[in-house]
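Here is the structure we will look at, set down as structure tokens.
The values are calculated or read from the model by the stated rules, or taken from the named source; none is laboratory data. Values in this document were obtained by computation on a predicted structure and should not be read as measured data. No Cβ is skipped: glycine too gets one built from the backbone with ideal geometry, and neighbour counts run over all protein chains shown.
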Amino acid sequence: MVWATWRAMMRRADRAVSGLSPSIGRQGARVQPAAVLELLKPVTWFPPMWAFGCGVVASGAAGWDKVGLIALGILLAGPLVCGMSQAVNDWFDRHVDAINEPHRPIPSGRMPGRSGLYVAIGWSFLSLAVGAALGLAGFLATVLAVVMAWIYSAPPLRLKQNGWWGNLACGLSYETLPWITAAAVMSQALPDPRMMAVALLYGLGAHGIMTLNDFKSIEGDTRFGLRSLPVIMGAPGAALFACWAMAVPQAVVVALLAIWGAPISALLVAALLAAQALLMRRLLTDPRRLAPWYNGTGILLYVSGMMVSATALGGMP
């Protein structure tokens, strides 16, 4: 039943995309290597790679003897798992991208036929193979990451159809999962509960980051019934929610660091949060236009707070 539903939705999407961008279904055309790299979206690899690095630091178990393991984990978190998730997302969003981003590799015809789908499947198996090299914890985390990537984008679940669940799944997959995975791989044990709590909070805060990322797709999301938060709440409401979603978890992190005996780190994270608040005030004046600007400024402060927190956790007894 699920397979039949999936195939039916695939056929409908193929017809829809062919109508929007006739070149997308062109058979026999050669795949351009540059298009494959673009499909994997290298610019999106940084968040999970950074989160994995935070997990390494927070574990307190990093050393020169583990450089190879760390490098493999960063490769897995970014180019492989994140790249795979982008390929999966682009394939199942090809009808939306034909409106929002027609220059993307699939709607532009530079990834002809179902080559985009084949890349997504191949990268999924490659990710699982590399994840197995990180031990049981790394492999199980990779399995979870691959499953989350597919149910986020693919029918019948397609979590991204709802901005509440989709952004939550994305935030936890991009920030919390690689952070905890790195700590488990490095220490070969269940991570410290304090570290897990901070990783979870930053993953929850990433819900706001994902909401801002949806602003560029309002037109296509509206047309195809994707209930992103900018579509549901409107641009001003979604931007205000995104700001609170990012700020509240960081405020909790500040309080926890102070309670756990890391006052200097707490003050640093608080200062970074205060700077974000100033940028948020400007964002709210014109959220649709300024969302990309905030992603290039405020998010840098957000991830800096992650590393400050990770460093504090790594030095705790």
Taking first residues from region 43-72 that are surrounded by 18 or more Cβ atoms within 10 Å (Cβ to Cβ) and second residues anywhere that are acidic (Asp, Glu) and part of a helix (DSSP H, G or I), the pairs with Cβ under 9 Å that are 6 or more apart or on different chains are Pro47/Glu175; Pro48/Glu175; Trp50/Glu175; Ala51/Glu175; Cys54/Glu175
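Considering only region 106-121, state which residues are assigned to a helix (DSSP H, G or I) and in contact (Cβ under 8 Å) with a residue 40 or more places away in the chain. It would help to see each step written out before you state the result.
Going through region 106-121, the residues assigned to a helix (DSSP H, G or I) turn out to be 115-121.
Ser115, Gly116, Val119 - these are the residues of region 106-121 that are assigned to a helix (DSSP H, G or I) and in contact (Cβ under 8 Å) with a residue 40 or more places away in the chain.
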Those residues of region 217-238 that are under 12 Å from Asn167 (Cβ atoms), of a type outside the set (A, V, I, L, M, F, W, C) and crowded, with 21+ Cβ neighbours inside 10 Å come to a total of 2
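Does at least one position in region 81-93 carry a residue that is at pLDDT 90 or above, surrounded by fewer than 16 Cβ atoms within 10 Å (Cβ to Cβ) and either of a type in the set (Gly, Ala, Ser) or out of contact with any Asp or Glu (no Cβ under 8 Å at 6 or more places or on another chain) (or both)? So that I can check it myself, show each step before the final result.
Narrowing region 81-93 to residues at pLDDT 90 or above: 81-93.
Retained after the next criterion (residues that are surrounded by fewer than 16 Cβ atoms within 10 Å (Cβ to Cβ)): none.
So far as region 81-93 goes, no, none of its residues is at pLDDT 90 or above, surrounded by fewer than 16 Cβ atoms within 10 Å (Cβ to Cβ) and either of a type in the set (Gly, Ala, Ser) or out of contact with any Asp or Glu (no Cβ under 8 Å at 6 or more places or on another chain) (or both).
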The residue from Met210, Met306 that alone is assigned to a helix (DSSP H, G or I) and touching a Gly at 6+ places or on another chain (Cβ under 7 Å) is Met210
Of the listed residues (Leu290, Leu300), the one being free of Cβ contacts under 8 Å to residues at least 24 places away in the same chain, closer than 30 Å to Ile99 by Cα, hydrophobic (A, V, I, L, M, F, W, C) and buried (at least 18 other Cβ atoms within 10 Å of the Cβ) is Leu290
Given the conditions (1) of a type in the set (Phe, Trp, Tyr); (2) over 30 Å from Thr222 (Cβ atoms); (3) touching a residue at least 60 places away in the same chain (Cβ under 8 Å), every one holds for Phe139 apart from (3)
His103 meets each of (1) out of contact with any Pro (no Cβ under 7 Å at 6 or more places or on another chain); (2) buried (at least 19 other Cβ atoms within 10 Å of the Cβ); (3) not small (Gly, Ala, Ser); (4) not in a helix (DSSP H, G or I) with one exception, condition (2)
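Condition check: over 21 Å from Leu229 (Cβ atoms), crowded, with 17+ Cβ neighbours inside 10 Å and in contact (Cβ under 8 Å) with a residue 12 or more places away in the chain. Does Pro178 satisfy that? Spell out the reasoning first.
Details: over 21 Å from Leu229 (Cβ atoms): yes; crowded, with 17+ Cβ neighbours inside 10 Å: yes; in contact (Cβ under 8 Å) with a residue 12 or more places away in the chain: yes.
It is true that Pro178 is over 21 Å from Leu229 (Cβ atoms), crowded, with 17+ Cβ neighbours inside 10 Å and in contact (Cβ under 8 Å) with a residue 12 or more places away in the chain.
Does Trp164 qualify as being surrounded by fewer than 16 Cβ atoms within 10 Å (Cβ to Cβ), modelled with pLDDT of 95 or more, of a type in the set (Phe, Trp, Tyr) and in a helix (DSSP H, G or I)?
Working: surrounded by fewer than 16 Cβ atoms within 10 Å (Cβ to Cβ): yes; modelled with pLDDT of 95 or more: yes; of a type in the set (Phe, Trp, Tyr): yes; in a helix (DSSP H, G or I): yes.
Considered against the rule, which asks whether it is surrounded by fewer than 16 Cβ atoms within 10 Å (Cβ to Cβ), modelled with pLDDT of 95 or more, of a type in the set (Phe, Trp, Tyr) and in a helix (DSSP H, G or I), Trp164 comes out as yes.
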Filtering region 192-216 for residues that are touching a Ser or Thr at 6+ places or on another chain (Cβ under 7 Å) and under 22 Å from Asp97 (Cβ atoms) leaves a count of 1
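Can you spot a residue in region 278-289 that is more than 19 Å from Ala58 (Cβ to Cβ), among the β-branched types (Val, Ile, Thr) and not in a helix (DSSP H, G or I)?
Let us first name the residues in region 278-289 that are more than 19 Å from Ala58 (Cβ to Cβ), namely 278-289.
If we keep only those that are among the β-branched types (Val, Ile, Thr) as well, we get 285.
Narrowing the set further to residues that are not in a helix (DSSP H, G or I) leaves 285.
Yes, some residue in region 278-289 is more than 19 Å from Ala58 (Cβ to Cβ), among the β-branched types (Val, Ile, Thr) and not in a helix (DSSP H, G or I).
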_Condition check: surrounded by 24 or more Cβ atoms within 10 Å (Cβ to Cβ), of a type outside the set (Lys, Arg) and over 11 Å from the mean Cα position of the chain (by Cα). Does Ala183 satisfy that?_
yes
The number of residues in region 28-75 that are under 22 Å from Gly131 (Cβ atoms) and among the charged types (D, E, K, R) is 3
Taking region 119-153 and the residues there that are among the aromatic types (Phe, Trp, Tyr) and farther than 28 Å from Ser228 by Cβ, the one that is surrounded by the fewest Cβ atoms within 10 Å (Cβ to Cβ) would be Phe125
